[in-house]
Protein chains: 4
Amino acid sequence: MAIIITIMVLEIKTPHEATWAALLASLPILLTYLLSFVNVGIFWNNYHYMLHAADKVDGAVLWANLFLLFWMSLVPFVIRWLDETGFQPLPTAAYGAVLAMAAIGYLLLEWALVACNGPQSKLATAVGHDRKGLISLALYIAAIALAFVHPWIAIAIYVAVSLAWFLPDRRIESARR
Amino acid sequence: MAIIITIMVLEIKTPHEATWAALLASLPILLTYLLSFVNVGIFWNNYHYMLHAADKVDGAVLWANLFLLFWMSLVPFVIRWLDETGFQPLPTAAYGAVLAMAAIGYLLLEWALVACNGPQSKLATAVGHDRKGLISLALYIAAIALAFVHPWIAIAIYVAVSLAWFLPDRRIESARR
Amino acid sequence: MAIIITIMVLEIKTPHEATWAALLASLPILLTYLLSFVNVGIFWNNYHYMLHAADKVDGAVLWANLFLLFWMSLVPFVIRWLDETGFQPLPTAAYGAVLAMAAIGYLLLEWALVACNGPQSKLATAVGHDRKGLISLALYIAAIALAFVHPWIAIAIYVAVSLAWFLPDRRIESARR
Amino acid sequence: MAIIITIMVLEIKTPHEATWAALLASLPILLTYLLSFVNVGIFWNNYHYMLHAADKVDGAVLWANLFLLFWMSLVPFVIRWLDETGFQPLPTAAYGAVLAMAAIGYLLLEWALVACNGPQSKLATAVGHDRKGLISLALYIAAIALAFVHPWIAIAIYVAVSLAWFLPDRRIESARR
């Protein structure tokens, strides 16, 4: 994930003047970075925890893992596109599509890990049904369509999903204690 | 390996317009990235597993390891060249040459690890004869020559080898369980 | 943290001529890099040690951790701005603001870890009251205001705080032994 | 160290044409990359091993460690300068100076670790007198002066030192077994 954060910071263009106005002009880019940082951070925390709780891995897990990482690695690419074209419908929808694919990758990884470790494993009880993951995926898919109505509706959904995940997750905490 | 993926994502140029046409124009670059991501991911998974299964390392292992990493680190360099010149014979052959050298590095690492851990070690039985590795190397060498007949023959071979490796590897799975 | 160092090195522009004069012209940038390297290195050492000493983590710890990493990741962004505009008041103050936010993130992380591991834990005794952390934060806040009087006053404070942290920390040493 | 390799690969400019002539023109840059890759790889292998063998660390060790990493992180900066100015005396000497400072950092780290772990520790016997490290340092210092006689004398010394380190190190091997 360090990869994605590195690339995103490199993409942020610094204001060319040392004025408040120039700093304000950089605000949308900085906020997009904040949103993406939170998204990547949440994924990373959950991902790390999940792999830690797993006793066994198999080919399907590696497959799902590569799938998830591939889509995560496209996040900076879409953000760059979003910034350069000024939050238009297509790049906004593309951002949602990449997040949706990453969410699918995450769910696939959960299922592969549970299938591999058995339904009675510590991991399976910690993961549960992952309603949160499924609802996030549904919201991302809705956002893809709504981006063509107005990009800011989609962006509001991305922010809302991030906030929902940012709140401490009781599942992880109780399993960690 | 994070290095290589970071660099590859940085190399992808975003479409300059927010249109479907612009996104389509980026498709070949995105597919090249997908292919390379899968290649690096496969190498990485096997590499990680192999070093994990090893009880001992010696100078020859470190040597082979540096050799492998050197050629892997040239992957983004060749991809950049491939993209900038539009899939011409020489860069396509160069891509095959780098993959072939990386495959040699991988085989050298296997041999060095087996030599160091002994033929009865867990590692030696897991690695076996690595027919898959040798066949991949042979195909990469063939692709280097065939790139001068037509670049797409070589690219088809690279894709085919990737797919063959992408299928879950029974050796690794059984050793991991 | 590797992220931040990578980005900072990429930002340093090399002198265009092979002369002593050209090398001297790069000196301010190299010194800024040295200062930031030391800052990031100190944060990193303490951070690593603290997470190592912790037995438990909870949602609040993850929250504080993400907060700290976010502000740390903005360090190269502010440095680039500082370099491009030639050490003017606003970017100098912004550098202090980012360091102050990172210091707050670090204190939050300490408090969250102590709250989670209990006041009798090894971690709590090692962290203590962290007067050094609080004083650093106060100095960074003072530097933000003083940057508008003269940027070099602020920069002198940043250097002084770095030196204070660079001296071997008795707390960490005794806990490590 | 991943940092340094990432940056170095990003610095390599790809040939703009798909011809053998264009590939040949990239050869000096590729060879400089090979040399630096080997240097960084050797440092990294020894560094990793040394930290692994250490039971205790103290403030002096962290200090020496930061010092070493700082100079290592300047390697890509000097290489870029070397490439852009076409192997002139001053940048060639600067490359030697950075390598010499990194070698000093490495020796300081060894001394700090031995001082901290005691002369009877596994680490102290493995490190020994490190005549190789001292000779390398002496050769780098000689190369700095000789770069002003002719850059290629200095470069020949850098290559020779790398080769000497590249040969499997009996100390490490025996300690690892």
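The values are calculated or read from the model by the stated rules, or taken from the named source; none is laboratory data. The structure presented is a predicted model; accordingly, all values stated were derived computationally and were not measured. Glycine gets a Cβ as well: all are built from the backbone with ideal geometry, and neighbour counts include every protein chain shown.
Things worth noting here:
- Those residues of region B:63-102 which are among the hydrophobic types (A, V, I, L, M, F, W, C) and touching a Pro at 6+ places or on another chain (Cβ under 7 Å), in sequence order: B:W63, B:V78, B:W81, B:L82, B:F87
- Selection within region A:105-124 - in a helix (DSSP H, G or I) and without any contact (Cβ under 8 Å) to a residue 40 or more places away in the chain: A:L107, A:V114, A:A124
- Within region D:85-98, considering residues that are part of a helix (DSSP H, G or I) and of a type in the set (G, A, S), the one farthest from the other protein chains (Cβ to nearest Cβ): D:G96
- Every condition in (1) at pLDDT 90 or above; (2) under 29 Å from D:W165 (Cβ atoms) is met by B:A138 except one, and the failing one is (2).
- Test for C:A156: is it without any contact (Cβ under 8 Å) to a residue 40 or more places away in the chain and either within 13 Å of another protein chain (Cβ to nearest Cβ) or farther than 20 Å from C:W71 by Cα (or both): yes
- Residue list for region C:19-46, restricted to those being among the aromatic types (F, W, Y), crowded, with 20+ Cβ neighbours inside 10 Å and at the interface with chain D (Cβ under 8 Å from one of its Cβ atoms): C:F37
- Restricted to region C:161-174, and to residues there that are exposed (fewer than 13 other Cβ atoms within 10 Å of the Cβ) and outside any loop (DSSP other than H, G, I, E, B), the residue that is modelled with the lowest pLDDT is C:S174.
Table: residues versus (1) in contact with a helix residue (DSSP H, G or I) (Cβ under 8 Å, 6 or more places away or on another chain); (2) within 21 Å of C:I5 (Cα to Cα).
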residue: D:A21; (1), (2): no, no
residue: D:Y47; (1), (2): yes, yes
residue: D:A54; (1), (2): yes, no
residue: D:L66; (1), (2): yes, yes
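- In region B:86-97, the residues that are over 12 Å from D:T19 (Cα atoms) and surrounded by fewer than 20 Cβ atoms within 10 Å (Cβ to Cβ): B:G86, B:F87, B:A97
- A:A102 vs. criteria buried (at least 22 other Cβ atoms within 10 Å of the Cβ) and in contact (Cβ under 8 Å) with a residue 24 or more places away in the chain: yes
- Candidate set from region D:56-89 (those that are without any contact (Cβ under 8 Å) to a residue 24 or more places away in the chain and in contact with a Ser or Thr (Cβ under 7 Å, 6 or more places away or on another chain)); member that is nearest to D:L146 (Cα to Cα): D:W81
- Failed item, numbered, when A:A54 is tested on (1) surrounded by fewer than 17 Cβ atoms within 10 Å (Cβ to Cβ); (2) more than 9 Å from chain B (Cβ to nearest Cβ); (3) over 19 Å from the mean Cα position of the chain (by Cα): (1)
- Among residues of region A:104-152, those that are over 20 Å from the mean Cα position of the chain (by Cα) and under 25 Å from A:L82 (Cα atoms), counted: 3
- Flag if C:Y106 is more than 14 Å from chain A (Cβ to nearest Cβ) and at pLDDT below 75: no
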